[in-house]
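First comes the structure, then the notes that go with it.
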Amino acid sequence: LPEAGTPALELRDLSVVGRPPVSLELAPGEVVGVAGLVGSGRTRLARAIVGATARSGQVRVAGRDVDPHSPEDAARAGVVMLPEDRRRDGLVLPSSIGRNVSLTALGLSLTRRGFVRRAARSRLVREQIERLGIVPTDPERTVRTLSGGNMQKVLMARAFGAGARVLILDQPTAGVDVGAKAELYEHIRRVAAEGVAAIVISDDLDELLLLSNRILIMHSGRPVAVLPASSIDREALLAVTTTGTLEEAA
């Protein structure tokens, strides 16, 4: 077990080829928002953390060096990313809710000596459907028939069921209605309260200010600043993300 006070995630000079390095620590239960214009390097940074793109630098999870070469490696190390395009990159649309929810955990806790622990899988799926309020509750329902909000809940359920220490959420409420958005916010807060650290990438500045303890601002591939969310308002945040200069926040 990690020592008390050990960061959930440490990035030390993490860099994508041709981009300046980023160093960042997240405490257990902390939510760090990432603000920046399209092309600022937000998603590229996230993909570098989970091994989906080439990088240099160091990633540590709960005090342990990890070197993921794929999102599957990252999940085994306790870091799960929910991609921006849930239909294309996140979900297996022709498959059931249950299969999608258990997908990551199958490679971790639900398989023993090459055999799927079916009772444990069914229990995990039921628990996550109830926990996230996925509608409909039928685990056999095909995912492609769900609303955008419920598709996103299925992705979150997969991450929660995998026992992630760190969640990376790229545009977690894009394309969902206001009611589902409020529910998703509540789930992010709840999992943070349980000690899971989260990185939230969003174009919605109000969302970042509402969810985050701190906000990492990126511009043209470089980190501009990491600021307490309580120290900046929407107008100042917009100014810094647009210009890339911290003076604009003054």
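With the condition kept exactly as written, say whether any residue in the range 182-196 is under 19 Å from residue 50 (Cα atoms), open to solvent by 10 Å² or more (accessible area, probe 1.4 Å), at pLDDT 95 or above and out of contact with any Cys (no Cβ under 7 Å at 6 or more places or on another chain). So that I can check it myself, show each step before the final result.
Filtering the range 182-196 down to residues under 19 Å from residue 50 (Cα atoms) leaves 196.
Subset that is open to solvent by 10 Å² or more (accessible area, probe 1.4 Å): 196.
From what's left, at pLDDT 95 or above: 196.
This time we only want the ones that are out of contact with any Cys (no Cβ under 7 Å at 6 or more places or on another chain), so: 196.
Looking through the range 182-196, at least one residue is under 19 Å from residue 50 (Cα atoms), open to solvent by 10 Å² or more (accessible area, probe 1.4 Å), at pLDDT 95 or above and out of contact with any Cys (no Cβ under 7 Å at 6 or more places or on another chain).
Pick out the one residue from 231, 202, 220, 212 that is over 23 Å from residue 126 (Cα atoms), hydroxyl-bearing (Ser, Thr, Tyr), touching a residue at least 40 places away in the same chain (Cβ under 8 Å) and open to solvent by 50 Å² or more (accessible area, probe 1.4 Å). Can you show your working first?
Working: 231 fails: touching a residue at least 40 places away in the same chain (Cβ under 8 Å); 202 fails: open to solvent by 50 Å² or more (accessible area, probe 1.4 Å); 212 fails: open to solvent by 50 Å² or more (accessible area, probe 1.4 Å).
After ruling out the rest, the residue left standing is 220.
Out of curiosity, is residue 170 within 28 Å of residue 72 (Cβ to Cβ), within 18 Å of the chain's Cα centre (by Cα) and open to solvent by 10 Å² or more (accessible area, probe 1.4 Å)? Full working, then the answer.
Working: within 28 Å of residue 72 (Cβ to Cβ): yes; within 18 Å of the chain's Cα centre (by Cα): yes; open to solvent by 10 Å² or more (accessible area, probe 1.4 Å): no.
In short, no.
Select from the range 78-98 the residues that are more than 14 Å from residue 197 (Cα to Cα), touching a strand residue (DSSP E or B) at 6+ places or on another chain (Cβ under 7 Å) and either outside any loop (DSSP other than H, G, I, E, B) or open to solvent by 40 Å² or more (accessible area, probe 1.4 Å) (or both) and list them in ascending order.
Those that are more than 14 Å from residue 197 (Cα to Cα), touching a strand residue (DSSP E or B) at 6+ places or on another chain (Cβ under 7 Å) and either outside any loop (DSSP other than H, G, I, E, B) or open to solvent by 40 Å² or more (accessible area, probe 1.4 Å) (or both): 84, 90, 94, 96.
Is it fair to say residue 164 is under 17 Å from the mean Cα position of the chain (by Cα) and open to solvent by 10 Å² or more (accessible area, probe 1.4 Å)?
Values: under 17 Å from the mean Cα position of the chain (by Cα): yes; open to solvent by 10 Å² or more (accessible area, probe 1.4 Å): yes.
The answer is yes for residue 164.
What helices (runs of 4 or more DSSP H) completely inside the range 128-244 contain at least 3 residues that are touching a helix residue (DSSP H, G or I) at 6+ places or on another chain (Cβ under 7 Å) and farther than 15 Å from residue 101 by Cα? Quick ask: steps written out before the conclusion?
Numbers: elements: 148-161, 178-193, 205-211, 234-243.
So the answer is 178-193, 205-211, 234-243.
Which members of the range 116-127 meet the condition of being in a helix (DSSP H, G or I) and either modelled with pLDDT under 90 or more than 21 Å from the chain's Cα centre (by Cα) (or both)?
Taking the range 116-127 as the starting set, the residues that turn out to be in a helix (DSSP H, G or I) are 118-127.
118, 119, 120, 121, 122, 123, 124, 126 - these are the residues of the range 116-127 that are in a helix (DSSP H, G or I) and either modelled with pLDDT under 90 or more than 21 Å from the chain's Cα centre (by Cα) (or both).
Just to be sure before I move on: is residue 249 modelled with pLDDT under 90 and of a type outside the set (D, E, K, R) in the structure I sent?
On the way: modelled with pLDDT under 90: yes; of a type outside the set (D, E, K, R): yes.
Yes, satisfied.
Name every residue in the range 29-50 that is within 12 Å of residue 16 (Cβ to Cβ) and either open to solvent by 10 Å² or more (accessible area, probe 1.4 Å) or among the aromatic types (Phe, Trp, Tyr) (or both), in order of residue number.
Within the range 29-50, 41, 42, 43, 44, 45, 47 qualify.
I need the full set of residues from the range 53-77 which are within 15 Å of the chain's Cα centre (by Cα) and buried (at least 21 other Cβ atoms within 10 Å of the Cβ), in order please.
Scanning the range 53-77 gives 61, 74, 75, 77.
The values are calculated or read from the model by the stated rules, or taken from the named source; none is laboratory data. Everything quoted here is computed from the prediction, not taken from an experiment. We place every Cβ from the backbone using ideal geometry, glycine too, and count neighbours over all the protein chains shown. For accessibility, only protein heavy atoms count, side chains too; no ligands or nucleic acids. Shrake-Rupley method; radii C 1.70, N 1.55, O 1.52, S 1.80 Å.
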